[in-house]
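Reading through the structure tokens given below for one structure.
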Amino acid sequence: MISKRVKKVPPSGIREFFDLVLGMPEVISLGVGEPDFITPWRIREKAITALEEGLTSYTSNKGLFVLRRDIAGHYREKYSLVYDPEDEILITVGVSEALDLALRAILDPGDKVVVASPHYVAYPALVEISGGKVLPLVTTPEEGFKINISKLKNLLKLEPKAIIFNNPANPTGVHYSNEELKKIWQVLSGKKTLIISDEVYDELVYDQKHSPFSSFSQEAKKRTILLNGFSKGHAMTGFRVGFVCANKEIIEAMTKIHSFSIMCAPIIAQIAASEALLAHKDINYMQSAYRRRRDYINKELNRLGLDNKLPQGAFYCFPSIKKFKLGSLEFAKKLLFQEKVAVVPGVAFGKEFNSHVRISYANSLENLKEAIVRIEKFLAKLK
Ligand SMILES: Cc1ncc(COP(=O)(O)O)c(C=O)c1O
């Protein structure tokens, strides 16, 4: 009954593991990639008011013009990057839909897509479901989990249709500096490869300035499909609002698919997202909390021998468990059953990462402290 393409895609490694966590009492979950904050009140209030006013219709396929205009204003102000709200911005149902649309809009059967790993779980799956072929670019801890330029150059010889780029990155918390991005752009410049740049964590960058990939030149802007949304930095996962900034031709193609499969993102969520762009104080508050937690968890993981590099963005650590001589799934299962702490096995993000686990610090400092006590106990038994 099922297409070969879909059958070939393995189920999400994270789902399988979290089916185990569900229903287990007293577990501290450092597994989920979701803010622990409730959506800031001013955003929720805006949604409530819109509902009270009876705003319950479809919107234009591309999304409410006011939201597109506000996103264009946000990019112009924050990044000096100009997108036309009329035809260079599309509102989607989360970055998830934006990613799916981008791949379906540009790929023909067999087209190659470079996916750097460790990677967000959806990337290879969506490439394959869209009929594409994944060209893996494996990064290593020694490379700081950053794209190695000569590996990229070699893969570009195979003329990939696109590369998926994630900055800041899930699961490593890596963030590329402006100089590093420029080096990557120099290699891509003059080629035909499109860049799908997933920047959903751009509000969660701690010690550096974020530069969107499209900001380097007119050519970079033309070839980059910039994906972003409100799930992470604005704590709005359940609202399901994302957006795409790209050239007119790509936005038109993506809107075509979107108009047949989704019609439009929910109006209430779009109105709330417009308010979110004004909620600077709330965003700064959450960002400072994540920074404190990051500093704490990074220090503690290293103290316990779980070697970890200070993450520069998002809300994840990707420490090494190599010393403990267990595979990542076995390590995560034992930690869960013995001490009731959930982390995600590294293999969920690529088969090469069996010596790592992903730890999310989108959790209260109090819970993080208790989790560290439990992890310390667990590791003492392993030695
Ligand atoms: C890198 C990355 N991209 C996209 C998404 C999906 O985001 P959204 O909730 O906007 O669909 C996630 C969620 O974890 C993510 O980590």
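Structural remarks
- Rounded to the nearest 5, the antiparallel percentage of DSSP beta bridges internal to the chain is 40%.
- Cα gyration tensor shape of the range 1-83, rounded if a/c is under 1.5, else prolate or oblate by comparing a/b with b/c: prolate
- Sites matching GluC sites (Glu not before Pro) across the range 43-130 that sit in DSSP coil, with at most 12 neighbouring C-beta atoms within 10 Å: Glu53
- Net charge dipole, the chain: roughly 1300 debye, given to the nearest 20, about the Cα centre with Cβ charges of +1 for Lys and Arg and -1 for Asp and Glu.
- Neighbourhood net charge (15 Å Cβ-Cβ; Lys/Arg +1, Asp/Glu -1) for Leu310: +4
- Three-way shape label, the range 236-383, alpha-carbon gyration tensor, a/c 1.5: prolate
- Shown here for the range 189-274: trypsin sites (Lys or Arg not before Pro) in loop regions (DSSP other than H, G, I, E, B) with at most 11 other Cβ atoms within 10 Å, namely Lys192, Lys209.
- Applying both filters, DSSP loop and at most 16 other Cβ atoms within 10 Å, to the chymotrypsin sites (Phe, Trp or Tyr not before Pro) of the range 55-149 gives Tyr58.
- Here the residues His258, His356, ranked from fewest to most Cβ neighbours within 10 Å of their Cβ, fall in the order His258, His356.
- Counting neighbouring beta carbons within 10 Å and listing from fewest to most, the residues Thr56, Thr49, Thr92, Thr255 come out as Thr56, Thr49, Thr255, Thr92.
- Cα gyration tensor category, rounded, prolate or oblate, for the range 14-152 with a/c compared to 1.5: oblate
- This ranking places Ile71, Ile297, Ile48 by how few other beta-carbon atoms lie within 10 Å of each, fewest first, which gives Ile48, Ile71, Ile297.
Readers should treat all values here as calculations from the given coordinates under stated rules, not as data from a laboratory. All values reported here derive from a predicted model rather than from experimental measurement. Every residue, glycine among them, receives a Cβ derived from its backbone with ideal geometry; neighbour counts consider all protein chains shown.
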